[in-house]
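Inspection log for the structure reproduced underneath, given as structure tokens.
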């Protein structure tokens, strides 16, 4: 059932993307970049998250940039590093794509207690598969063992940089669950 549900979501995304001249991989990259933090917004992180080759990522990002859905920006300290950020147009498209999936609407018909059970079951399954396959977890900072809450706010234990309340809700490629 899970495979069929995932297939249905992919079909809806494919159909949605066609309307905007986008391939599913391009929508997936844009969606990831809308939900990741400043440590995870590089072409390399996109490739790691989606399991894609450097060439596929590069071509996908070029299309998104050409369509005005994405912008590239050099890092201030290290000019070799490129950060990627969806434009307002790109963020709006991701929001529309999320609505097009119909998943949130379908879950509204599920009782809250059942939805929480389902989320926990899926989260556990995901963590187990990531561990078995030696994959990075790519999860929100607030669930990371490196996330530190101090009196002055949140701090990343890896970079020792402050994190905002918004930052800790975003996906990070450095994420690690507590063991």
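Computed values, structure above
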| item | result |
| --- | --- |
| Overall Cα dimensions of the chain - principal axes, largest extent first, Å | 43, 42, 30 |
| Computed lengthening from residue 9 to residue 120, 0.36 nm per intervening residue step minus Cα-Cα distance | 38.0 nm |
| Interatomic Cα distance distribution for segment 7-70, bins of 5 angstrom, percent | 4, 18, 29, 25, 17, 6, 1 |
| Helical contribution to [θ] at 222 nm, DSSP H n ≥ 4, -39,500 (n - 2.57), averaged over the chain, rounded to 500 | -16500 deg cm²/dmol |
| Sequence-separation-based contact order of segment 2-109, relative, with Cα cut under 8 Å and 6+ spacing, percent | 27 |
| Extension gain from residue 142 to residue 76, taking 0.36 nm per residue of separation minus the Cα-Cα distance | 21.2 nm |
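Readers should treat all values here as calculations from the given coordinates under stated rules, not as data from a laboratory. All values derive from a computational prediction rather than experimental measurement.
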